[in-house]
Amino acid sequence: ASLEGLTQLQGLSLSTTKVSGDLASVQGLTQLQRLFLYDTQIGGDVASLRGLVQLQHLWLHTSHITGDLASLRGFTQLKELHLYNTKISGDLGTLQNLTQVNELHLANTSVAGDFTALLPWNNVTAIDLEYTQVTGRLSSEWRGRWSKLRSLKLSNSQVEFLPRPDELQELQSSFFTSSYPEFSSNVILPQLNLLALNGCPLDGDVSDLLPPLCGCPALATIEAADCGLSGTLPSLRLKGAAVDGVAWPEWHSLLAQSLKLLNLGTNNITEIRDVTKEMQVLVLAENSALKFGDGVLKKALTTGTFLDLQNVALSNTAEAAELLKDGSIQKTEKVSSMSVEGGYEC
C-alpha cells in the first residue's frame, strides 16, 4: 500500500534487507526502469510484473520469487536480468526476442531449453546458466553471433557442448579472424574470456572440444572437469587448417596464444600431446593413467606451467623420475587447493 501513487517512479531498490511481501505490490509502478529486490524475503509470481515493460535492470536473485520466464517476454528494453537462486522455471527460448540484454544470470534455477536459442542476443557480455536444466551444443550457427560475449558459465547443466559429427569437421578445420572485415560474420566468440563446463555431460573425446575453439583470440580459461571427456589432448598447433580462406601447413592457433588455464580434472584423459608455453595452469588431477608426449612434461615445467597431477599414474615413469631427481618436480606435503574460476594455491 505504501507504494501506491508512485506511478512515475523509475528506480526502486530494497536489496539486502529484511523486507518481505509480494511482487504484486509493485505492479502499478509502470515507469520503473530499475528494480532491485535481491537478497530479500520478497516472494510472488513474476507474472505480476508483466506491465512493467520499461524495465531495463531487473535484479531479483536470492529471493522467494516464482514463475515462468515466459512472463518476461514483453520486456524488450531489458539489459540486465538476475534471477539466480530463485524458483524461476521455464524455457529459455521464450526470451529470444530480448535482444538488448547484456547480462543474464539464471544459475541455480529450474530453467530449461536449448541455450543456443539466445544466439540472436548480439549485445550480451555475460551468460550464467550453471546448475540449470539447459541443453545445447556448439555449431556453425555460432559464427558471427555473441560477438561481445566474455563469460559463458554452463557448469553442472545438461549442456552437451561438443559439436555433432556433421558439424565437427568444418569447425575444426576452417577458421576466421577479425583481421579482415569481410570475414567478421564468420568469427566464433571473438571476445570470450571464460568458458565453464564443469560437470556437464560432454561424454566425448577431448579432441572434439578444443580444436573448434582454436579461433578464439581472448579465451583464457576453460573449465571442463568431470565432463566424461576421454582420449588425447591435442596440440593447439593445427595442421592443414584454413585461416581466413588461406591454407596453412601448420597454424599456431589463436587459442594456443590466449589459453592460460585449462581444467580437465576428473576425466579419462590418456595422453597429452603438447603444452603451450603460454599455458599457466593445467589441471589433470584424477585422470588415472596418463602419458605425456616425449619431452612435453619437461617442457611444461621449464616454461613455468603449474601442473596438477594429483592421483595420476604417469606412464612416463623414467622421465618423471629424472625430473624428480634434478628437482624439476617436487613432492608437496599438502594437496593443492584449487579455485575453480582462475586462482590456484599450491
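Here are the numbers for the structure shown:
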item: Enumeration of residues in segment 178-206 that are of a type in the set (S, T, N, Q), within 23 Å of Pro120 (Cβ to Cβ) and not in a helix (DSSP H, G or I); result: Ser178, Gln191, Asn193
item: In segment 266-283, the residues that are assigned to a loop (DSSP other than H, G, I, E, B), farther than 19 Å from Leu219 by Cα and not polar (S, T, N, Q); result: Arg273
item: Top-ranked residue of segment 95-121 - restricted to ones that are polar (S, T, N, Q) and under 23 Å from Leu189 (Cα atoms), ranked as least open to solvent (accessible area, probe 1.4 Å); result: Thr116
item: Given (1) closer than 26 Å to Leu129 by Cα; (2) exposed (fewer than 15 other Cβ atoms within 10 Å of the Cβ); (3) in contact with a strand residue (DSSP E or B) (Cβ under 7 Å, 6 or more places away or on another chain), index of the condition Ser20 fails; result: (1)
item: Pairs, first hydroxyl-bearing (Ser, Thr, Tyr) in segment 141-169, second open to solvent by 90 Å² or more (accessible area, probe 1.4 Å) and part of a loop (DSSP other than H, G, I, E, B), C-beta under 8 Å, six or more apart; result: Ser155/Tyr131; Ser157/Tyr131
item: Filter pass, Leu290 being open to solvent by less than 10 Å² (accessible area, probe 1.4 Å) and either part of a helix (DSSP H, G or I) or not acidic (Asp, Glu) (or both); result: yes
item: Residue in segment 37-61 that is farthest from Lys18 (Cα to Cα), counting only those that are outside any loop (DSSP other than H, G, I, E, B) and within 26 Å of the chain's Cα centre (by Cα); result: His57
item: Segment 125-175, residues that are of a type in the set (Asp, Glu) and either under 12 Å from Leu195 (Cβ atoms) or not in a helix (DSSP H, G or I) (or both); result: Asp128, Glu130, Glu160
item: Single match in Ala225, Ala247, Ala196 (criterion: small (Gly, Ala, Ser), in contact (Cβ under 8 Å) with a residue 40 or more places away in the chain and more than 28 Å from Gln100 (Cβ to Cβ)); result: Ala225
item: Residue pairs meeting the criteria (Cβ under 7 Å; at least 6 apart or on separate chains; first open to solvent by 40 Å² or more (accessible area, probe 1.4 Å), in segment 257-281; second in a loop (DSSP other than H, G, I, E, B) and among the polar types (S, T, N, Q)); result: Lys260/Gln280; Asn268/Asn287; Arg273/Ser235; Lys277/Thr303; Gln280/Thr305
item: Filter result (open to solvent by less than 20 Å² (accessible area, probe 1.4 Å) and either out of contact with any helix residue (DSSP H, G or I) (no Cβ under 7 Å at 6 or more places or on another chain) or modelled with pLDDT under 95 (or both)) within segment 178-188; result: Val187
item: Residues of segment 222-237 satisfying the condition of being open to solvent by less than 20 Å² (accessible area, probe 1.4 Å) and either part of a strand (DSSP E or B) or in contact with a Ser or Thr (Cβ under 6 Å, 6 or more places away or on another chain) (or both); result: Ile222, Glu223, Ala225, Gly231, Leu233, Leu236
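The values are calculated or read from the model by the stated rules, or taken from the named source; none is laboratory data. Values in this document were obtained by computation on a predicted structure and should not be read as measured data. Heads up, the Cβs are rebuilt from the backbone with ideal geometry, glycines too, and the neighbour counts pull from every protein chain shown. Ligands, DNA and RNA are excluded from the accessible area calculation, which covers all protein heavy atoms including side chains. Shrake-Rupley method; radii C 1.70, N 1.55, O 1.52, S 1.80 Å.
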